[in-house]
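First up is the structure itself, then whatever we jot down about it.
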Amino acid sequence: MLFFEWFAPNYWPAYNSSPELFIGSAVVFSVLSFVAGWLTNRAILSNLQRVEHRMSVRQFYSIIAARHTANGLALRLLLSLGVVAIGHWFSRHPAADGAVLPPGIAWLCMIIMGVCAMTWVYALVLKLTNQSSAPMAPSGRGSP
């Protein structure tokens with residue numbers, strides 16, 4: 001996707017002229033990126049084995065919460081909400097030349113980053129509840 005983000009604005013300025021063209025080209029570049037990744041990593045992928053039990057959503061986000069600090073999770077949440085706010089602003093305010101970002105693109109960005117924000121909220125809540133339920137050491141600084 002990084003190639004798409006660099007290539008499209010520099011060499012194909014019409015890519016954001018309509019939501020259909022933007023989403024269609026994003027899907028095509030995503031599929032091409034997936035195929036290239038599969039071709040380069042297929043030896044590693046062929047050695048993978050199935051797990052016996054699926055991980056629950058709570059377990060998955062607990063692992064994510066354990067990998068990040070509470071401040072890091074809060075920052076990611078704020079950045080996601082910031083992108084949602086910027087997408088909303090771009091969908092409402094025209095540029096200097098009178099052009100408006102197609103609302104479909106702005107709404108797509110707002111929806112995707114809104115889902116990201118909800119997942120960061122969930123991870124942050126799990127982090128804070130796990131910290132509050134952890135046994136306290138005599139010094140009051142968490143587990144011994």
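The values are calculated or read from the model by the stated rules, or taken from the named source; none is laboratory data. Since the structure is predicted, the reported quantities are computational estimates derived from the model, not experimental observations. No Cβ is skipped: glycine too gets one built from the backbone with ideal geometry, and neighbour counts run over all protein chains shown.
I need the full set of residues from region 63-87 which are closer than 26 Å to Leu108 by Cα and free of Cβ contacts under 8 Å to residues at least 12 places away in the same chain, in order please. It would help to see each step written out before you state the result.
Taking region 63-87 as the starting set, the residues that turn out to be closer than 26 Å to Leu108 by Cα are 64, 72-87.
Answer for region 63-87, where residues must be closer than 26 Å to Leu108 by Cα and free of Cβ contacts under 8 Å to residues at least 12 places away in the same chain: Gly72, Leu75, Leu78, Leu79, Gly82, Ala85, Ile86.
Determine which single condition Phe60 fails, assuming it passes every other condition in (1) in a helix (DSSP H, G or I); (2) at pLDDT below 85.
It is condition (2) that Phe60 fails.
Just to check your reading of the model, which residue among Ala106, Ala43, Ala95 is surrounded by fewer than 16 Cβ atoms within 10 Å (Cβ to Cβ), among the small types (Gly, Ala, Ser) and modelled with pLDDT under 85? It would help to see each step written out before you state the result.
On the way: Ala106 fails: surrounded by fewer than 16 Cβ atoms within 10 Å (Cβ to Cβ); Ala43 fails: modelled with pLDDT under 85.
Exactly one of Ala106, Ala43, Ala95 is surrounded by fewer than 16 Cβ atoms within 10 Å (Cβ to Cβ), among the small types (Gly, Ala, Ser) and modelled with pLDDT under 85, namely Ala95.
Looking for something under 17 Å from the mean Cα position of the chain (by Cα), touching a residue at least 40 places away in the same chain (Cβ under 8 Å) and within 20 Å of Ile112 (Cβ to Cβ) - is there at least one such residue anywhere in region 47-62?
Among the residues of region 47-62, at least one is under 17 Å from the mean Cα position of the chain (by Cα), touching a residue at least 40 places away in the same chain (Cβ under 8 Å) and within 20 Å of Ile112 (Cβ to Cβ), which makes the answer yes.
Pull out all pairs, ordered by first then second residue, where Cβ-Cβ is under 9 Å, the residues are six or more apart or on different chains, the first lies in region 5-32 and is at pLDDT below 75, and the second is loosely packed, with under 13 Cβ neighbours inside 10 Å.
Going by the 9 Å Cβ cut-off, the qualifying pairs are Tyr15/Pro9; Asn16/Pro9.
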